[in-house]
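Peer 1: Attaching a single structure in structure tokens format; questions to follow.
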Amino acid sequence: MNNFPILPFCRTNLENFTFKLIKEIPKNSQILHITVNGYKVKISFEKINNNLICFGKYKNYLCTIEETEEITNEFHHLMGTKLSEDIRTICGIGISFLNWHKKTKFCSNCGNILDFSKNENIAKFCNNCKSMYFPTLTPAIIIAVTKNKSLLVTRKAEWKGKRYGLVAGFIEYGENIEESAIREVFEETGIKIKNIKYIASQFWPFPYQLMIGLTADYQDGDIVVDKLELEEAKWIKFRDLTDDLLPPPSSIAYFLMKHTIK
Ligand SMILES: [Zn+2]
């Protein structure tokens, strides 16, 4: 085994879980049912026999999910949750599955209504033109850039409270991970970087990213903020980066920042 860290929402430590579509739920099945509204979820263990969509099996439970517009105090916020890591991970997988399912109803080649594939665990198939659609997973880099004992942090205008994040962005066609990191840091902040290193990765289910966590050293340049993406970008001294300025502990941004300033 390797020594890479296992972050929240990752399936590595989730034993007895199978990601598989179960089209018809057998009568009297035990159900782990997720009701979801954005980042909030409610978990219930029931025996139900209706047309819920089932995306996997966990121990003896079939995992089902549905969306709601209601929120009661039974809902847990996935970022500050009291749920176990196992259940939180299953919720994340379910949320991604549900997002993909909702957005993949028609064949984008011919417009036909899609069915679930009979041959793959989870995929959709066009019976007209034979196109296959697998669950979407979008790779993105996130990077902690350091200069002496300072970290390059960013802030988006829509973030609540005074907290910082890191440069992050989607990998584009033709790019490898390193090229993507160099481009994103330069586009968002005007900084050139060197010594890029892989640290950890995380599945992030909002809606379905694979976050690739990196570190790098400052090479040259002065900060020029990309105001289309960011409200602020700046160097902050490690000792000034107190916990109240960090992103949610379940995120790889938090992990990378803690890893860098430790
Ligand atoms: Zn088609």
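Peer 1: Please go through segment 170-194 and give me each residue that is acidic (D, E) and in contact (Cβ under 8 Å) with a residue 12 or more places away in the chain, ordered by number. Full working, then the answer.
Peer 2: Initially, segment 170-194 is screened for residues acidic (D, E), giving 172, 175, 178-179, 184, 187-188.
If the condition is that a residue be acidic (D, E) and in contact (Cβ under 8 Å) with a residue 12 or more places away in the chain, then E178, E184, E187, E188 are the ones that fit.
Peer 1: Sticking with this structure for a sec: Tell me which residues, restricted to segment 89-110, are small (G, A, S) and more than 9 Å from the ligand (Cβ to nearest atom). I'd like the intermediate steps shown before the answer.
Peer 2: Keep residues of segment 89-110 that are small (G, A, S), which gives 92, 94, 96, 108.
G92, G94, S96, listed by residue number.
Peer 1: Still on this model: Sort through S84, S108 and tell me the only one that's out of contact with any strand residue (DSSP E or B) (no Cβ under 9 Å at 6 or more places or on another chain) and either under 18 Å from F203 (Cα atoms) or surrounded by fewer than 17 Cβ atoms within 10 Å (Cβ to Cβ) (or both).
Peer 2: Values: S108 fails: out of contact with any strand residue (DSSP E or B) (no Cβ under 9 Å at 6 or more places or on another chain).
None of the others qualify; the one that does is S84.
Residue-wise test of (1) surrounded by fewer than 16 Cβ atoms within 10 Å (Cβ to Cβ); (2) part of a strand (DSSP E or B); (3) charged (D, E, K, R).
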| residue | (1), (2), (3) |
| --- | --- |
| T154 | no, yes, no |
| A168 | no, yes, no |
| Y173 | yes, no, no |
| R183 | yes, no, yes |
| N195 | yes, yes, no |
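Peer 1: Let me ask something else about it. In segment 211-233, how many residues are in contact (Cβ under 8 Å) with a residue 60 or more places away in the chain and surrounded by 15 or more Cβ atoms within 10 Å (Cβ to Cβ)?
Peer 2: Qualifying residue count, segment 211-233: 10.
Peer 1: Please find, among K124, K162, the residue that is under 17 Å from Y208 (Cβ atoms) and not acidic (D, E).
Peer 2: Numbers: K162 fails: under 17 Å from Y208 (Cβ atoms).
Exactly one residue qualifies, and that residue is K124.
Peer 1: In addition: State whether the residues of segment 150-164 include one that is farther than 18 Å from V224 by Cβ and within 16 Å of the ligand (Cβ to nearest atom).
Peer 2: no
Peer 1: Output the qualifying pairs, or none if there are none: Cβ atoms under 8 angstrom, residues six or more apart or on different chains, first residue in segment 111-130 and without any contact (Cβ under 8 Å) to a residue 40 or more places away in the chain and near the ligand (Cβ under 7 Å from one of its atoms), second residue of a type in the set (A, V, I, L, M) and assigned to a loop (DSSP other than H, G, I, E, B).
Peer 2: Within 8 Å, the pairs are C126/L114.
No lab work stands behind these numbers, since they all come straight from the coordinates. Since we're looking at a predicted model, the values are computed, not measured. Note that each Cβ is placed from the backbone with ideal geometry, even for glycine, and that neighbours are counted across all protein chains shown.
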